[in-house]
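**Student:** Can you keep this structure in mind? I'll have questions shortly.
The values are calculated or read from the model by the stated rules, or taken from the named source; none is laboratory data. Here the structure is a predicted model, which means the values were calculated and not measured. Cβ sites come from the backbone with ideal geometry, for glycine too, and all protein chains shown count toward neighbours. For the accessible areas, the whole protein counts, side chains as well, though only heavy atoms, and no ligand, DNA or RNA atoms are used. Shrake-Rupley method; radii C 1.70, N 1.55, O 1.52, S 1.80 Å.
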Amino acid sequence: MTRTLIVIAAFLTLSVPAALAVPPAGKGKPENPGNSQSAPGQSAEKNAAKACKAERGTSPDSIAKFKEKYAPNHPNGANAFGKCVSMLAKQKTS
């Protein structure tokens with residue numbers, strides 16, 4: 001019993017400082033996820049996925065039109081969002 005308590009105490013003694021450690025500067029989660037270091041300030045105009053999400057909208061009619069535009073030959077508009085992103089990304093790199 002004493003041996004078990006010593007092992008548990010040692011484990012807790014070592015785990016508390018590790019749990020409270022602060023990540024080094026510039027590492028870890030960004031403060032503002034929309035403005036990460038790899039893509040600072042990307043808006044819908046610069047980011048194909050954000051532009052497609054804005055175009056798709058939330059109403060059932062706008063979603064149906066979006067699927068018809070980007071995946072007219074697929075059942076239920078399968079992969080319409082992926083096709084939109086791919087097309088806009090290609091346009092922006094050209």
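**Student:** Of (1) at pLDDT below 70; (2) not in a helix (DSSP H, G or I), Thr58 satisfies all except one. Which?
**Tutor:** If we test Thr58 against (1) at pLDDT below 70; (2) not in a helix (DSSP H, G or I), just (1) comes out false.
**Student:** Another one. Based on what the data block shows, is Lys29 open to solvent by 100 Å² or more (accessible area, probe 1.4 Å) and modelled with pLDDT under 75?
**Tutor:** Details: open to solvent by 100 Å² or more (accessible area, probe 1.4 Å): yes; modelled with pLDDT under 75: yes.
When the stated conditions are applied, Lys29 passes them.
**Student:** While we're here: Can you confirm whether segment 65-78 contains a residue that is surrounded by 11 or more Cβ atoms within 10 Å (Cβ to Cβ), of a type outside the set (S, T, N, Q), assigned to a helix (DSSP H, G or I) and modelled with pLDDT under 90?
**Tutor:** yes
**Student:** Here's something else I'd like to know. Are any residues in segment 38-52 in a helix (DSSP H, G or I) and at pLDDT below 90, and if so, which ones?
**Tutor:** The answer is Ala48, Ala49, Lys50, Ala51.
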